[in-house]
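Here's the structure we're looking at; comments come further down.
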Amino acid sequence: MKKKNIGLFLLVIMMITVIAGCSSTSKEKVKLAYVAWDSEIASTYVVKEVLETKLGATVEMLQVDAGPMWAGVADGSADAMVAAWLPSTHAAYLEKYGSKIEDLGANLNGTKVGLAVPAYMDINSIEDLKNSDLAGKLSNRIIGIEPGAGIMTTTEKAIAEYGLSEYTLLESSSAAMAQELQKAYDNNEPIVVTGWTPHWMFANMDLKYLEDPKGVYGADEQIHTMVRQGLKEDMPNVYKFLDQFEWTAEDMAKVMVEVQGGKSPEEAAKTWVENNPDKVNAWIQGVEL
């Protein structure tokens, strides 16, 4: 009898262990790829916050450059990204990887990229950069971001199209670019940077885009959500949420400004999600929680 009780006890323990093991691995593990641009940090961390707090998923953040971000979703090493700037900025990546990725459409409309300067500078067009005196004052530099970013490729094209051979496109990072811009702005000095909106720098400084009469930078863009093939079948709830995720430039700006003000991306995303329940509920409508 004692042996039977011991056997039954062990069987119960084994069943509990199996059930616990199943439940502990039942959480969906989502890998999000993103580039370290202020805009994409804001959107990706908001998506992460919703996935973790509303869907109970475990999220791994993969910070990479633009090329590896696209490649990662295409080869399945990342599940998704919400940082595809189309139709112009990431056009080359879409052409290369588009057949291996599912495009869930725009999550934000009305973006813009181009060369930006402080409003106090007396120039209005990229054509104006041909002035040799101005080029000298700018130390013959256009301050860029990470090599491989779509805006860097487009700016190299702009330098060729507008005959700006006197200039060097300086590779750095989005954070370093913004720091250089802020420093020059505080000292009322001339500077030209690769700019895009939404970005906190347009909220904190009086800036303007240089006109692009040749249309090198294209018209207003959208930011798209891209997911790996098979995600819909593997993680239907995650897929549905990502498919329904969309917000505005103003929403994104609120997160970016808080991060710039000293909050961590996690804190800023959490605050935004808590303050915008209606939008979040629309994103997860129909998702099995």
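The values are calculated or read from the model by the stated rules, or taken from the named source; none is laboratory data. What you are looking at is a predicted structure, and each value in this text was computed from that prediction instead of being measured. Virtual Cβ from ideal backbone geometry, glycine too; neighbours counted across all protein chains shown. All accessible areas refer to the heavy atoms of the entire protein, side chains included, with ligands and DNA or RNA removed. Shrake-Rupley method; radii C 1.70, N 1.55, O 1.52, S 1.80 Å.
Would you be able to tell me the number of residues in region 199-221 that are more than 18 Å from ASP38 (Cβ to Cβ), open to solvent by 40 Å² or more (accessible area, probe 1.4 Å) and of a type outside the set (Asp, Glu)?
Result for region 199-221: 5.
If you scan region 86-108, which residues turn out to be in contact (Cβ under 8 Å) with a residue 40 or more places away in the chain and either open to solvent by 60 Å² or more (accessible area, probe 1.4 Å) or under 22 Å from GLU60 (Cα atoms) (or both)?
If the condition is that a residue be in contact (Cβ under 8 Å) with a residue 40 or more places away in the chain and either open to solvent by 60 Å² or more (accessible area, probe 1.4 Å) or under 22 Å from GLU60 (Cα atoms) (or both), then PRO87, ALA92, LYS100, ILE101, GLU102, ASP103, LEU104, ASN107 are the ones that fit.
Six or more apart or on different chains, Cβ atoms under 7 Å: show the pairs whose first residue is in region 243-257 and hydrophobic (A, V, I, L, M, F, W, C) and whose second is open to solvent by 20 Å² or more (accessible area, probe 1.4 Å).
Between residues of region 243-257 that are hydrophobic (A, V, I, L, M, F, W, C) and residues that are open to solvent by 20 Å² or more (accessible area, probe 1.4 Å), the close pairs are TRP247/LYS279; ALA249/GLY110; ALA249/THR197; ALA253/ALA203; MET256/ASP38; VAL257/ALA203.
Hey, any hits in region 252-269 for a residue that's touching a strand residue (DSSP E or B) at 6+ places or on another chain (Cβ under 7 Å) and surrounded by fewer than 20 Cβ atoms within 10 Å (Cβ to Cβ)?
No - not one qualifying residue is present in region 252-269.
Identify the residue in region 119-144 that is in a loop (DSSP other than H, G, I, E, B) and either without any contact (Cβ under 8 Å) to a residue 24 or more places away in the chain or open to solvent by 70 Å² or more (accessible area, probe 1.4 Å) (or both) and, among all such residues, is farthest from GLN182 (Cα to Cα).
This residue is ASN131.
Take the residues of region 148-161 that are touching a Ser or Thr at 6+ places or on another chain (Cβ under 9 Å) and of a type outside the set (A, V, I, L, M): which is nearest to HIS199 (Cα to Cα)?
Among residues in region 148-161 that are touching a Ser or Thr at 6+ places or on another chain (Cβ under 9 Å) and of a type outside the set (A, V, I, L, M), the one nearest to HIS199 (Cα to Cα) is GLY150.
The conditions are (1) closer than 19 Å to VAL30 by Cα; (2) crowded, with 21+ Cβ neighbours inside 10 Å, and TRP272 fails exactly one of them. Which is it?
Of the numbered conditions (1) closer than 19 Å to VAL30 by Cα; (2) crowded, with 21+ Cβ neighbours inside 10 Å, the odd one out for TRP272 is (1).
Kindly indicate whether PRO147 is at pLDDT below 95 and either touching a strand residue (DSSP E or B) at 6+ places or on another chain (Cβ under 8 Å) or at positive phi (or both).
It is false that PRO147 is at pLDDT below 95 and either touching a strand residue (DSSP E or B) at 6+ places or on another chain (Cβ under 8 Å) or at positive phi (or both).
For LEU231, are the conditions met, namely being touching a helix residue (DSSP H, G or I) at 6+ places or on another chain (Cβ under 8 Å), hydrophobic (A, V, I, L, M, F, W, C), closer than 18 Å to VAL59 by Cα and open to solvent by less than 60 Å² (accessible area, probe 1.4 Å)?
yes
Look through region 39-65, keep the residues that are hydroxyl-bearing (Ser, Thr, Tyr) and open to solvent by less than 50 Å² (accessible area, probe 1.4 Å), and return whichever of them is nearest to MET177 (Cα to Cα).
Checking each candidate, the answer is SER39.
Name the single residue, out of those in region 173-195 being surrounded by fewer than 19 Cβ atoms within 10 Å (Cβ to Cβ) and within 23 Å of the chain's Cα centre (by Cα), that is farthest from VAL35 (Cα to Cα).
Among those residues, the one meeting the criterion is GLN182.
Picking from LEU51, LEU94, LEU10, which residue would you name as being modelled with pLDDT under 95, among the hydrophobic types (A, V, I, L, M, F, W, C) and in a helix (DSSP H, G or I)?
Selected residue: LEU10, the only one of LEU51, LEU94, LEU10 that is modelled with pLDDT under 95, among the hydrophobic types (A, V, I, L, M, F, W, C) and in a helix (DSSP H, G or I).
Has region 89-109 got any residue that is of a type in the set (Ser, Thr, Tyr), touching a helix residue (DSSP H, G or I) at 6+ places or on another chain (Cβ under 7 Å) and more than 23 Å from TYR239 (Cβ to Cβ)?
For region 89-109, residues of a type in the set (Ser, Thr, Tyr), touching a helix residue (DSSP H, G or I) at 6+ places or on another chain (Cβ under 7 Å) and more than 23 Å from TYR239 (Cβ to Cβ): present.
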